[in-house]
1. What is the sum of charges around LEU54, taking Lys and Arg as +1, Asp and Glu as -1, for the other residues whose C-beta is under 14 Å from the C-beta of LEU54?
2. For segment 1-76, report the accessible area per residue in Å² (1.4 Å probe, heavy atoms, rounded to an integer).
3. Tell me, rounded to the nearest percent, the portion of alpha carbon pairs in segment 11-68 spaced more than 13 Å apart.
4. Give me the number: length gained by fully extending ARG39 to ALA19, i.e. 0.36 nm times residue separation minus the C-alpha to C-alpha distance, one decimal in nm.
Amino acid sequence: GLAELRARREELSERIRAAEAERGRLQSRIAALSERLARTSESPAGHLVARGELDRTIAETEAAYGKILESSQTLLDVLKGKIENAGEASDPRSTSKEKQTRGQKHS
């Protein structure tokens, strides 16, 4: 009976060693996957920051473009007014009364 108990003991010891070896492999795999997960989590965070910066740059650029467009339109309107005034001044058919009437309409 003693030999049988020793054989069972050896069998259990072998199972324990196999389980510990499997546990070690799994822990190594968990550590590798945890590291990989940490790197993967950092990447989107960096991308989110970069995207936020790009969004701000786009908004600022669009605002500046709108201001440039508005200034260009104002400049164009002023230039058209000056051209009209210059044309009226050089038109011999216009009378000074017509010029005054037109000037009041544009004001």
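1. Values: positive: ARG51, ARG56; negative: GLU53, ASP55, GLU60, GLU62.
Once all neighbours under 14 Å are counted, the net charge is -2.
2. Numbers: 7070 Å² over 76 residues.
Ligands and nucleic acids excluded, the figure is 93 Å² per residue.
3. Details: 1227 of 1653 pairs.
The answer is 74 percent, as a whole percent.
4. Details: separation 20, 0.36 × 20 = 7.20 nm, distance 3.01 nm.
Gain in length upon complete extension: 4.2 nm.
The values are calculated or read from the model by the stated rules, or taken from the named source; none is laboratory data. Please read these numbers as outputs of a predicted model, since none were measured by experiment. Because the Cβ atoms are built from the backbone with ideal geometry, glycine has one as well, and the counts that use them run over all protein chains shown. Please note that ligands, DNA and RNA were not included when accessible areas were found on the heavy atoms of the full protein model with its side chains. Shrake-Rupley method; radii C 1.70, N 1.55, O 1.52, S 1.80 Å.
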